[in-house]
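Reading through the structure tokens given below for one structure.
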Amino acid sequence: MKKLFLLFTIHCSLFAAAQQPVDYVDPFIGTTNYSVCNPGAVCPHGMMSVVPFNVMGSDLNVYDKDKRWWSAPYEYNNKYFTGFAHVTLSGVGCPELGTLLTMPTTGKLDVDYRHYGSEYSEEQATPGYYAVSLKKYGIRCEVSATLRSSIERFTFPQGEGHILLNLGNGLTNEVGGMVRRVSDTEIEGYRLLGTFCYNPQAVFPIYFVMRVNKRPASAGYWKKQPPMDGPEKDWDSDQGKYKLYTTYGKELAGDDVGYYFNYNCAAGEQVEVQMGVSFVSIENARENLQQEQQGFAFNATRQQARQQWAETLNRISVKGGTEAQRRMLYTALYHTQIHPNILQDVNGQYPKMESFEIGHTDGNRYTVFSLWDTYRNVGQLMTLLYPEQQLDMIRSMIEMYKEWGWMPKWELYSRETWTMEGDPAIPFIADAWLKGLRDFDIDTAYEAFRKSATLPGKDNKMRPDADPYYSRGYVPMGQYAADMSGDNSVSHALEYYIADASLANLAEALGKKADAKRFRQQSLGYRHYYSKESGTLRPINYDGTFLSPFDPKDGADFSNAPGFHEGSAWNYTFYVPHDVKGLARLMGGNKQFVKKLQRVFDEGLYDPANEPDIAYPFLFTYFKGEEWRTQKIVRQLIDKHFSDKPNGIPGNDDCGTMSTWLIFAMIGLYPDCPGSPTYAVTDPVFDEVTLHLDKRYYPKGEIVLKAGEKRMRHRITHQELKN
């Protein structure tokens, strides 16, 4: 017995030692609690993702994309599956994409998604792979992906089986598509997408080519249309308004169309499906598929995707900590490497920004820039751990400026959606430059920054309320509310202040002293908003008086209070990271600042689920003797709001922003001031953290962070960190 126990212990120890970062990733983390992540198959920064679609409930009359803020095709607590969506978004605030739905079924052919959905069980998800069993049909579904294509394997029971492609259903608010039969085993077409966050002009097509590995017994189209006169045999009462086209063989277009493949399946028979996509053309979608998958090889594709994730996630290694903490860390890192994603096809073509033209690149052209979120910490993480990809992302942003005259704000597949406020490209790019990433066209970037930081409002797409901001130093109430979310004047101005502070730092580094002085001065206008009466920042009326009546707690439920976007005055008052000591002086000194900041946490005024206040816990490190508060509060926030469960992210992940907060908090660094090459330093939750860095940018190659070390400093510059 002793020998057996010893052998068992050795075996377990060897297994534990063999665990890689990729083994700790749980894609189900963040799939509920409004985090809008999904467990689907995707490669790092891949164009393609294959995601289970379950936003319709088993109540067949319910199809509500916005219910429970379902901005993703998948919600963990829902258990009614209507297909796999191809090309999706992860952790965003509005429903979009999530179309090209493939669905396997058995029995009598039914193409109405209100009928053919199924409850499911036995879900499994690892990086690059997802599997599920459909209870209604006894079908096992497995999916994986390459950068621009997908592969699916459906294991059928004996009998009649079907594979459906539904172009009508989806997460997007746009409609319309086309499908064309190419051969017995191949179809092609497109689907219109867009109107992200209800911008009616931000639309774009996605093109696809879909193949099956076995010739079907029969195949055809369907189309939803109003009842019409005609032979009764053309209609099936169970189909409702869905008409089948069984002998038509060209193409079909409309708002709700699809294609079906019928099979006579033996027990355990497997049918594989591939799909290639492009945002340029059907021809490119076919080339993407042909180049990335030579033939049908599901297991090899799955293994290739896993290997890509293994290489991507190996930038951090840890000692100590619990299994749950490792799952939290590496899943968070996984979430940060989904967006931005590549846009170019294998031949280098991509749609130019806000243009009918097709561009070409020899490198990577990225898309999905949720910059209002990601400039705060995701960009800094990329600069530290993935500098080569960060440079490609910055080059992509600069090319966007060259193509249409403006940096992106919230860009989606070469369309600007104008979501949220501010001028976020400035701190995103300036931060990287100031930390030593220089291999991009800084002169053109600076030209773009200066343009948006100086042009009058009527000519300024980034800052439409710029005129009073320049002349008064602040944005008054009522100046600009065209974002349909109420008056967000204080939020607008605070975003401009941090952008101008970043631009001042960059101008100074580039030797542009006059510009540095001007933009530094612009960045200090936040002082106008400080009200001694409320002790917070406070909206200002157009006549220069403070808004009254005023309750700084209004908006704490994530609603819009006057002057503030998605939050209260407390969520925004300390968002002056470029002048923390100056804000402290306004508040009556360091002690008053610390007391008031501590009140935010003691009274539940902190919102861990939105961006404006996420750096608050690290601001104590600016004040000697108060650094312990950062250590204590950060640990409390991790324990309270994050976990390795499906609800383990406190709200919308915002393209990895909340996950990035967790990563930095767990490793003991935080870049609390975008556009400034500094970090707050605290103890990691692990005994030791090693960052494995690219030696082309970090010659030492590794940075080791240890818990329990006596620290002489609780703030550090990027250069000191490198050394």
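Annotations
- Any chance PHE154 is surrounded by 19 or more Cβ atoms within 10 Å (Cβ to Cβ), among the hydrophobic types (A, V, I, L, M, F, W, C) and touching a Lys or Arg at 6+ places or on another chain (Cβ under 8 Å): yes
- Restricted to helices (runs of 4 or more DSSP H) entirely inside region 610-723, those with at least 1 residues that are farther than 28 Å from TRP372 by Cβ are 627-641, 718-722.
- THR155 being among the β-branched types (Val, Ile, Thr), modelled with pLDDT of 95 or more and within 24 Å of PHE279 (Cα to Cα): no
- Residue within region 292-301 that is buried (at least 24 other Cβ atoms within 10 Å of the Cβ) and assigned to a strand (DSSP E or B) present: no
- Of the residues making up region 672-691, those that are over 17 Å from ALA332 (Cα atoms) and either in contact with a strand residue (DSSP E or B) (Cβ under 6 Å, 6 or more places away or on another chain) or of a type in the set (S, T, N, Q) (or both) are ASP672, SER676, PRO677, THR678, TYR679, ALA680, VAL681, THR682, ASP687, GLU688.
- Any hit, region 39-54, residues being more than 21 Å from the chain's Cα centre (by Cα) and modelled with pLDDT of 95 or more: no
- In this structure, ASP443 qualifies as open to solvent by 40 Å² or more (accessible area, probe 1.4 Å), closer than 30 Å to PRO699 by Cα and in a helix (DSSP H, G or I).
- Scope region 122-148; condition open to solvent by 10 Å² or more (accessible area, probe 1.4 Å), out of contact with any helix residue (DSSP H, G or I) (no Cβ under 8 Å at 6 or more places or on another chain) and not aliphatic (A, V, I, L, M); matching residues: GLU122, GLU123, GLN124, SER133, LYS135, LYS136, TYR137, GLY138, ARG140
- The listed residues are TRP372, TRP418, TRP433, TRP406, and the only one of them that is open to solvent by 10 Å² or more (accessible area, probe 1.4 Å), assigned to a helix (DSSP H, G or I) and of a type in the set (Phe, Trp, Tyr) turns out to be TRP433.
- Some residue of region 386-394 being farther than 18 Å from GLY194 by Cβ, in a loop (DSSP other than H, G, I, E, B) and open to solvent by 10 Å² or more (accessible area, probe 1.4 Å): no
- Residue within region 166-178 that is out of contact with any helix residue (DSSP H, G or I) (no Cβ under 9 Å at 6 or more places or on another chain), among the β-branched types (Val, Ile, Thr) and outside any loop (DSSP other than H, G, I, E, B) present: no
- Residue ID - nearest to THR172 (Cα to Cα), chosen from residues in region 203-228 that are aliphatic (A, V, I, L, M) and either part of a strand (DSSP E or B) or modelled with pLDDT under 95 (or both): VAL203
- Failed criterion for ASP362 (all others in (1) open to solvent by 10 Å² or more (accessible area, probe 1.4 Å); (2) within 15 Å of CYS655 (Cβ to Cβ) hold): (2)
- Residue count for region 337-379, restricted to those that are over 29 Å from HIS578 (Cβ atoms) and in contact with a Cys (Cβ under 6 Å, 6 or more places away or on another chain): 0.
- Residue in region 451-463 that is open to solvent by less than 20 Å² (accessible area, probe 1.4 Å) and more than 18 Å from TYR375 (Cα to Cα) present: yes
- Residues that are over 12 Å from THR82 (Cα atoms) and either open to solvent by less than 10 Å² (accessible area, probe 1.4 Å) or of a type in the set (Lys, Arg) (or both) within region 99-119 comprise just one, LYS108.
- Residue within region 334-342 that is touching a residue at least 12 places away in the same chain (Cβ under 8 Å), farther than 26 Å from THR99 by Cβ and open to solvent by less than 10 Å² (accessible area, probe 1.4 Å) present: no
- Boolean, SER548 is surrounded by 14 or more Cβ atoms within 10 Å (Cβ to Cβ) and either aromatic (Phe, Trp, Tyr) or without any contact (Cβ under 8 Å) to a residue 24 or more places away in the chain (or both): no
- Number of positions in region 560-604 that are of a type outside the set (A, V, I, L, M, F, W, C) and either under 31 Å from the mean Cα position of the chain (by Cα) or open to solvent by less than 10 Å² (accessible area, probe 1.4 Å) (or both): 19
- Within region 123-143, tally of residues that are under 23 Å from CYS265 (Cα atoms) and among the polar types (S, T, N, Q): 1
- Residues in region 508-531 that are among the hydroxyl-bearing types (Ser, Thr, Tyr) and not in a helix (DSSP H, G or I) were compared, and the one that is surrounded by the most Cβ atoms within 10 Å (Cβ to Cβ) is SER531.
- Listed by first and then second residue, the pairs linking a residue in region 125-146 that is on the phi > 0 side of the Ramachandran plot and at pLDDT 95 or above to a residue that is aromatic (Phe, Trp, Tyr) and crowded, with 22+ Cβ neighbours inside 10 Å, with Cβ atoms under 7 Å apart and 6 or more places separating them unless they lie on different chains, are GLY128/TRP309.
- Residue check for GLN592: more than 26 Å from TYR375 (Cβ to Cβ), assigned to a helix (DSSP H, G or I), in contact with a Lys or Arg (Cβ under 7 Å, 6 or more places away or on another chain) and not basic (Lys, Arg): no
- Selection status of SER118, touching a residue at least 12 places away in the same chain (Cβ under 8 Å), out of contact with any Asp or Glu (no Cβ under 9 Å at 6 or more places or on another chain) and polar (S, T, N, Q): yes
- Residue in region 344-351 that is closer than 26 Å to HIS718 by Cβ, in contact (Cβ under 8 Å) with a residue 40 or more places away in the chain and either open to solvent by 20 Å² or more (accessible area, probe 1.4 Å) or not small (Gly, Ala, Ser) (or both) present: no
- Residue that is modelled with pLDDT under 95 and of a type in the set (D, E, K, R), where the choices are GLU421, GLU354: GLU421
The values are calculated or read from the model by the stated rules, or taken from the named source; none is laboratory data. Note that the coordinates shown come from a computational prediction; the quantities given were computed from them, not determined experimentally. When we count neighbours, we look across all protein chains shown, and the Cβ atoms used for this are built from the backbone with ideal geometry, even at glycine. Ligands, DNA and RNA are stripped out before the accessible areas are found, and what is left, the full protein with its side chains, is counted by its heavy atoms. Shrake-Rupley method; radii C 1.70, N 1.55, O 1.52, S 1.80 Å.
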